[in-house]
Structures are given as C-alpha cells and as structure tokens.
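*Asks:* Got a structure for you, written out below as structure tokens; questions coming shortly.
The values are calculated or read from the model by the stated rules, or taken from the named source; none is laboratory data. These numbers were taken from a predicted model, which means no experiment stands behind them. Using ideal geometry, Cβ is built from the backbone for each residue, glycine included, and neighbour counts are taken over all protein chains shown. SASA here: full protein model, heavy atoms, side chains in, ligands and nucleic acids out. Shrake-Rupley method; radii C 1.70, N 1.55, O 1.52, S 1.80 Å.
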Amino acid sequence: MQVSGGDLQRLRQLNSLNSIRALREAPGPLTLTELATLTGLSRNSVIDVITDLRERGWIAEVEPVSGGMGRPAKRYRFRADAGRVLGIDIGVHKVLAVVTDLAGRTLSSGRVAVDAHTTQQERLQAMWRAVDAALVACGLDARDLWGVAVGSIGVVNREGMVTRVKALPDWEGVDLAGHLGQRLSCPTTVENDSKLAALAEQRLGVAAGVQDLVYLHAGRRPGAALILNGRLHHGFSGATGEVGLMDMTGWRTMASHLEGSPAAQGSAPEDAAGRVFTAARAGDPGALAAVDTYAHHLALGTAAMVLTLDPELVVLGGGFSRSADVLLPALRRALEPHCLRVPDIRPSTLGEECVALGAACLALDHVDEHFFSPDGSISRPAAPQRLT
C-alpha cells in the first residue's frame, strides 16, 4: 500500500509527541534504547526523532554517566527549562503568583496581602505587584511567559469573567481575562479557585494520578470542585461544585457553628475554628459537638457530589484541612448514612500555594494543547527560540 506524504508527516508528528511525553514523564534522562522501549519505535526512528527535537530545542543531551565498561550511552532529557508559565491566586486575603517551568516546578513567587475591604482596583493592582515580584525573582519579564492562568474567588464563566461572588461585593462582574490581555500577549485563562486547587492536588498533591475525585474547600468560605476522567470539570457556565448554594446543605452558615462554640469565645472570627479544633483534639465535649455539626452540613453537599460521581477519592482542602485529624473522622461518620460507598478521604498536602500551583497546571495544559497535541505546532516551536 502506498503511503502519502501527508501520512508520513502525520506519523513523524505522532512519533515526536510520543517521545516528548515519554521524556517528560520519565523520572530521569533516557537512553535511545530506553526511549525506544517506552515508545515502541525502532532505534532508527528514535534517532530521527531525537535529532529533530534537539535541533528544535525541545530536548537536550545529558552528560554521560562515568564508570562502567565501554562507551557510555547517550542520554536525553526534556527541556523543562525551555519555557515558563505563570499561575496566579486572587483570594480574599492574599494574591499569590508563581512561575514554573514546563514540568510544573516552582521557580519563584510573589505575594501581596489584601483583605475583604480591598477595592476591585486595588486588588487588580496587587495582582500585578505579585506578578512583577515573581518575574523579577527569576529574571524574567512578561514576554518570556508561554501561558498564564488565574484562580479567582467566585463563579467564573468561560469568557474569564467573575459572574457571582459573595465574599467580595465589588468583585462580581470583573473581566479578568480582558484585564490580563491588556498587559500579556501570551494565552491567558481564568478559573474558579477551588477548581484549580482540585487540579493541583490531582497533578502534584495527594490525588496524583486519580481520575475521578471531589475536592472540598473546607473553611470560612466553603467550595467544591470535580475532576472527571482526569480532567478538570468546568461545566457549561462554570457553576460546577456550587452545591453550597442550596440552603438545605447549610454550607453558607456552617462555619458559624465553629465560631459560635464556647471554645472559640473571645477569639477573632478568623481564629475561631482553629481554637475549636484544638479544643476538640483535647476532648472538649462542646468543641466536639461543634465539629460534628460542621461535618454534618459539609457531608450533605459532599454526599450529593459523591452519589453523582462515585469518585475514587475526596480531597479535603482549605484552611480547615490543617485540622484534618479532627475533622476527617467526623466527616466520614456524617457521610455514612448518605452514601452507598464512602470514598477514601485525604487531606490536602499542598498548603496555601494550592490554587496558584493549580493555575500553573492549567496554563501548562494550554501549552500542551498548543505545542504537544496532534493538532498542535510542535513542528514550529517559535517560543523556545527566545531562550538559551
């Protein structure tokens, strides 16, 4: 059967994509033989792919390992240092920006404190200060970025606009995508913060490799997100995970059960939950009852998502996840009457950088779609030519 030129070009493209994926996912550099084994390509095909990708700047040869008999085999790595992406977390109390390489490793960060009284314009200015600090810290400017993603409090639609938010009255309606486009020429994406926290956990955290999961943001401002078949589920309008909008779940007011506990008496609202969890850890009956009440309400919304998705895992994130030793047992007990199967529940491992890291992961997804997908432009990688 005769093979057309277009078929051959397509075959070379797929061989290059498979090789890049193998090199990116490998724990270390690969020899030609190892790469051929992982991709199923012949040695001659691998040599052709390696030669092409080196010329284009996507991979680099690694110094040979000393010792052993005979001439050491050449080894190659994916050039994660060839590009940079930026992830931004715009929250109530902070704006955090992180710069990562193409493997998602954090290179630098910038943080600016804000609060619930910070105006929209001031919060946007804080975002740029955090971005500038992160870029300066690793010697870059905005032109070096291949992609940017932002996580924001509130419901975010596909156009990058915040369509609904309660915690920041003047934040509703802000066009983040349009604002970013005024200063950035690279692709930009905006998403809800809880969704990006879920993505970070699935890529870098306690849920690494899990295909179906529910993410809970347990804190004074609760939220949730879903990962389906290994991908972040945005939904038609961006409102997935907003089960707390149903009054029957009690999510809007459940933090008040902790803040109103006698164990929290005299503490500021932002410190109340920590005081209650500490008292519950010590066996205080009133604090334990407050935790159980909070867990009861959290379980109502969680059960609705668990019964719909039947996930492998539930990840407990947010500020209250720091007291998972107290909260998780109560949440498991509260879920049992509602679920056919209570999934494994694990606390977040990424801390307060979770949303910014998830934003960087989303930015990397768009880089992948542009450069490393069958319909991408791996044959014309203009961006790597800027870097040495």
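*Asks:* When you scan the range 219-234, do you find a residue that is in a loop (DSSP other than H, G, I, E, B), more than 13 Å from the chain's Cα centre (by Cα), within 18 Å of LEU307 (Cα to Cα) and without any contact (Cβ under 8 Å) to a residue 40 or more places away in the chain, even just one?
*Replies:* Within the range 219-234 (the criterion being in a loop (DSSP other than H, G, I, E, B), more than 13 Å from the chain's Cα centre (by Cα), within 18 Å of LEU307 (Cα to Cα) and without any contact (Cβ under 8 Å) to a residue 40 or more places away in the chain), the answer is yes, since at least one residue qualifies.
*Asks:* Output the residues belonging to the range 78-123 that are assigned to a helix (DSSP H, G or I) and touching a helix residue (DSSP H, G or I) at 6+ places or on another chain (Cβ under 8 Å).
*Replies:* Kept after step one, since they are assigned to a helix (DSSP H, G or I), are these residues of the range 78-123: 80-82, 120-123.
Of everything in the range 78-123, those that are assigned to a helix (DSSP H, G or I) and touching a helix residue (DSSP H, G or I) at 6+ places or on another chain (Cβ under 8 Å) turn out to be ALA80, ALA82.
*Asks:* Looking at (1) touching a Phe, Trp or Tyr at 6+ places or on another chain (Cβ under 6 Å); (2) without any contact (Cβ under 8 Å) to a residue 60 or more places away in the chain, which one does VAL85 not meet, given that it meets all the others?
*Replies:* Just one mismatch for VAL85, condition (2).
*Asks:* Please determine whether any residue of the range 39-51 is modelled with pLDDT of 90 or more, small (Gly, Ala, Ser), surrounded by fewer than 17 Cβ atoms within 10 Å (Cβ to Cβ) and not in a helix (DSSP H, G or I).
*Replies:* For the range 39-51, residues modelled with pLDDT of 90 or more, small (Gly, Ala, Ser), surrounded by fewer than 17 Cβ atoms within 10 Å (Cβ to Cβ) and not in a helix (DSSP H, G or I): present.
*Asks:* Here's something else I'd like to know. Consider the range 225-240. How many of its residues are open to solvent by less than 10 Å² (accessible area, probe 1.4 Å) and either within 23 Å of SER323 (Cα to Cα) or β-branched (Val, Ile, Thr) (or both)?
*Replies:* The total comes to 2.
*Asks:* Only residues that are over 14 Å from TYR215 (Cβ atoms) and either in contact with a Phe, Trp or Tyr (Cβ under 7 Å, 6 or more places away or on another chain) or open to solvent by 20 Å² or more (accessible area, probe 1.4 Å) (or both): list them for the range 335-361, please. Lay out the reasoning, then the answer.
*Replies:* Initially, the range 335-361 is screened for residues over 14 Å from TYR215 (Cβ atoms), giving 335-342, 351-353, 356, 359-360.
Correct list: GLU336, PRO337, HIS338, LEU340, ARG341, VAL342, GLY351, GLU352, GLU353.
*Asks:* Take the range 154-166 and flag every residue that is open to solvent by 40 Å² or more (accessible area, probe 1.4 Å) and under 16 Å from PRO222 (Cα atoms).
*Replies:* Residues of the range 154-166 open to solvent by 40 Å² or more (accessible area, probe 1.4 Å): 158-159, 161, 163-164, 166.
Once the filter is applied, which keeps residues that are open to solvent by 40 Å² or more (accessible area, probe 1.4 Å) and under 16 Å from PRO222 (Cα atoms), the range 154-166 yields ARG164, LYS166.
Yes/no per residue for (1) open to solvent by 10 Å² or more (accessible area, probe 1.4 Å); (2) part of a helix (DSSP H, G or I); (3) of a type in the set (Ser, Thr, Tyr); (4) free of Cβ contacts under 8 Å to residues at least 40 places away in the same chain:
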site	(1), (2), (3), (4)
ALA272	no, yes, no, yes
VAL276	no, yes, no, yes
ALA287	no, yes, no, yes
VAL291	no, yes, no, yes
ALA295	no, yes, no, yes
VAL306	no, yes, no, no
PRO311	no, no, no, no
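*Asks:* What are the pairs, 6+ residues apart or on separate chains, where a residue within the range 245-265 that is over 22 Å from ALA225 (Cα atoms) and without any contact (Cβ under 8 Å) to a residue 24 or more places away in the chain has its Cβ under 9 Å from a residue that is in a loop (DSSP other than H, G, I, E, B) and of a type in the set (Asp, Glu)?
*Replies:* none
*Asks:* State whether one or more residues within the range 19-30 are modelled with pLDDT of 90 or more and open to solvent by 50 Å² or more (accessible area, probe 1.4 Å).
*Replies:* Looking through the range 19-30, none of the residues is modelled with pLDDT of 90 or more and open to solvent by 50 Å² or more (accessible area, probe 1.4 Å).
*Asks:* Please give the number of the condition VAL98 fails out of (1) open to solvent by less than 80 Å² (accessible area, probe 1.4 Å); (2) more than 30 Å from GLY219 (Cβ to Cβ).
*Replies:* That leaves (2) as the condition not met.
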